[in-house]
Amino acid sequence: MLAKLTGFGIERITISGIAELSEIEVLVAAGIDPKTSLVFFDADEARRRLEANPLIREATVRKLYPGEVSITLVEREPYALWQVKGELFVIAADGTVIDKMDDGRFAGLPLVVGAEANMRASEYLALRAQAGALGRHIRAGTLISGRRWNLKLDNGMDVRLPEKAPGEALKRLVALETDYRVLDKDLLAIDLRQADRVVMRLTEEAATARAEQMKQKTPKKKGGEA
């Protein structure tokens, strides 16, 4: 990118390495405006200012006489969103917090929830990948007590995974969806924490309807029976 600032000592600014940041954001962060003079421009200070931006991991700033500034950036790549204590953060792959989530640029990133979930986001993404086509229905992963994951699906359903072999539990969920279309059922939760059973919790409306059905199926006592 070439941005020309004429008449103020800096005739050209070259910026490379940007992906998420805009050119204007880089210039503002570096402290460069139309009044900036190349002679008095402090490249080291500009580098420090740039690296104070959470999205920038590393910056190189050079003054090239007679009238050019070169800026090379290495950005931190947004990897996931992390929700904890009511706040939402953008995190890198290693769990480092890049910044608070305050704009829509990162709304499509995977979401992990709970204490220390940021440090295990890659684990959650691996589980989503193991779910195959069903993975597109998984909207978030909540780390429970630092031990296991609950998955939130796009229909509001919770899927409770075991601490050990969660991938195997996901295979069971995929099989249930293939055979019985469980995602279309009136369920609040599917509990897969036990290897030998599946526990399904109905929505309140479905539970009420089922109770009524059971009442109707219960045979009435004949007159005179105690």
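The values are calculated or read from the model by the stated rules, or taken from the named source; none is laboratory data. Since the structure is predicted, the reported quantities are computational estimates derived from the model, not experimental observations. Positions of Cβ are generated from backbone atoms using ideal geometry, with glycine treated the same way; all protein chains shown enter the neighbour counts.
Number of residues in region 91-106 that are closer than 23 Å to R147 by Cβ, among the aliphatic types (A, V, I, L, M) and not in a strand (DSSP E or B) equals 1. From the list V28, V61, exactly one residue is modelled with pLDDT of 95 or more, assigned to a strand (DSSP E or B), more than 20 Å from S122 (Cβ to Cβ) and of a type outside the set (S, T, Y). Which is it? None of the other options fit; the residue is V61.
Residues that are assigned to a strand (DSSP E or B) and hydrophobic (A, V, I, L, M, F, W, C) were ranked within region 152-197; the one that is surrounded by the fewest Cβ atoms within 10 Å (Cβ to Cβ) is L188. There is no residue in region 67-84 that is in a loop (DSSP other than H, G, I, E, B), without any contact (Cβ under 8 Å) to a residue 24 or more places away in the chain and exposed (fewer than 14 other Cβ atoms within 10 Å of the Cβ). Identify, by number, the condition in (1) in contact with a strand residue (DSSP E or B) (Cβ under 6 Å, 6 or more places away or on another chain); (2) at pLDDT 90 or above; (3) not assigned by TED's automatic domain parsing to the domain that holds I144 that D44 doesn't meet. Single failed check for D44: (1). Considering region 18-51 alone, what residues qualify as being of a type in the set (G, A, S), in contact with a helix residue (DSSP H, G or I) (Cβ under 8 Å, 6 or more places away or on another chain) and free of Cβ contacts under 8 Å to residues at least 24 places away in the same chain? G31, the sole residue that qualifies.
Looking across L109, L88, one residue alone is modelled with pLDDT of 95 or more, farther than 28 Å from I13 by Cβ, part of a strand (DSSP E or B) and assigned by TED's automatic domain parsing to the domain that holds R136. It is L88.
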